[in-house]
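A short worksheet on the structure shown next.
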Amino acid sequence: MNRHSSPPLSSLSEIQRIVDWSIRTRRSVRAFSDQPVSREDVESILDTARFSASGMNIQPWRVHVVTADAKANLSAAIAKVDDDPALSAELEEPYQYYPREWVTPYIERRRKVGWDLYGLLGITKGDKPRMHVQHGRNYQFFDAPVGLFFTLERSMEVGSFIDYGMFLQSVMIAARGRGLHTCVQAAFLKYHRIISAELAIPDDQMLMCGMSLGYADERCIENTLATERELVESFTTFHDKNKETDV
Ligand SMILES: Cc1cc2nc3c(=O)[nH]c(=O)nc-3n(C[C@H](O)[C@H](O)[C@H](O)COP(=O)(O)O)c2cc1C
């Protein structure tokens, strides 16, 4: 398939259905089955994602793939620190992902998704030990057979964060096309030094996020989480009148 090739299906509506399906069925899976994912699949996902757009075609992404012992060792190294409140409290993230001050409507959305997930799992407000265990599932890659880490050269500017978002979405959509699921994870940011040390990532590379990749274990209740979205009219303004003549 080259970049100027015609659509692989004769009907455009069929293509729309498939593309929309891939985007709409992408969701964050937080329980994976032990069904293996082949290296060929991972390579083929990245081989498609590399066609993502980036300003001036700079393609700022770098990917580290962890499986088997490398993944288990990393999980263990992170869990050791994560389970020690004194050690984990001292850690700083490589960049500020979330707002320092949460305002409406974002704070409500954040709370809703958190409580919806904990609600499904029967974790009640104030049950810090169970919250910690559930949060710690991040570092086990939710049992996914493949973990991915994405880094960016530190000299890059904020524009590369836009490029990165495109690349991450492409990875997730290409995964859907292969029947696979993902969960992007900012939870790894706090442990960027451990990850860099374990994977020998050079100092000039900054961790952007991690990602779990595998087949969903649909028997698990956490995978029934249905997150809400705002309607198009709530975030879109169509401008079609001349400002001066607009009343
Ligand atoms: C950059 C990024 C970081 C995220 N970090 C985490 C994370 O650390 N752990 C987690 O369980 N989900 C994480 N998520 C998943 C979001 O919670 C999820 O995308 C959101 O609630 C919408 O749900 P959906 O992905 O199922 O559509 C992250 C998503 C993004 C885009």
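Derivation of every value follows stated rules applied to the coordinates shown; laboratory data play no part. Given the structure is predicted, the values throughout are model-derived calculations rather than measurements. Backbone-built Cβ (ideal geometry, glycine too); neighbour counts: all protein chains shown.
The GNM of the chain, with springs linking C-alpha atoms under 10 angstrom apart, assigns the highest mean-square fluctuation among M208, M172, M56 to M56. Does the chain classify as rounded, prolate or oblate by the C-alpha gyration tensor (a ≥ b ≥ c root eigenvalues; a/c under 1.5 gives rounded; else a/b over b/c gives prolate, otherwise oblate)? Rounded, because the longest to shortest axis ratio a/c is under 1.5.
The fewest-to-most ranking of H181, H135, H64 by surrounding Cβ atoms within 10 Å reads H135, H64, H181.
Taking C209, C183, C220 as the candidate residues, the one with maximal mean-square fluctuation in a Gaussian network model of the chain, Cα springs under 10 Å, is C220.
Summary of the geometry: region 36-74 and region 127-176, compared by the centres of their Cα atoms, lie 12 Å apart. In straight-distance terms, cross-link reach from K190 covers every one of the lysines whose alpha-carbon lies under 24 Å from its own, apart from those fewer than eight places away in the same chain; here that gives K71, K80, K112, K125, K128.
Electrostatic tally near V37: other residues with Cβ closer than 15 Å to its Cβ, Lys and Arg +1, Asp and Glu -1, net -3. The value for region 63-126 of Rg(Cα) / (2.2 N^0.38 Å) is 1.51.
Among T182, T67, the ranking by other beta carbons within 10 Å of each residue's beta carbon, starting with the fewest, stands as T67, T182.
Taking other Cβ atoms within 10 Å as a rough exposure proxy, W61, W21 sort from fewest to most as W21, W61. Would you kindly state how much longer the chain becomes between R178 and S88 on full extension, computed as 0.36 nm times their sequence separation minus their alpha carbon distance, in nm to one decimal? Net length gain for the segment: 28.7 nm.
Label reach from R111 (point 7 Å along Cα→C-beta): in region 119-158, amide nitrogens under 14 Å belong to 125-126.
Helical content alone sets the calculated 222 nm signal of the chain at -12000 deg cm²/dmol, taking -39,500 (n - 2.57) per DSSP H segment of four or more residues and averaging over every residue.
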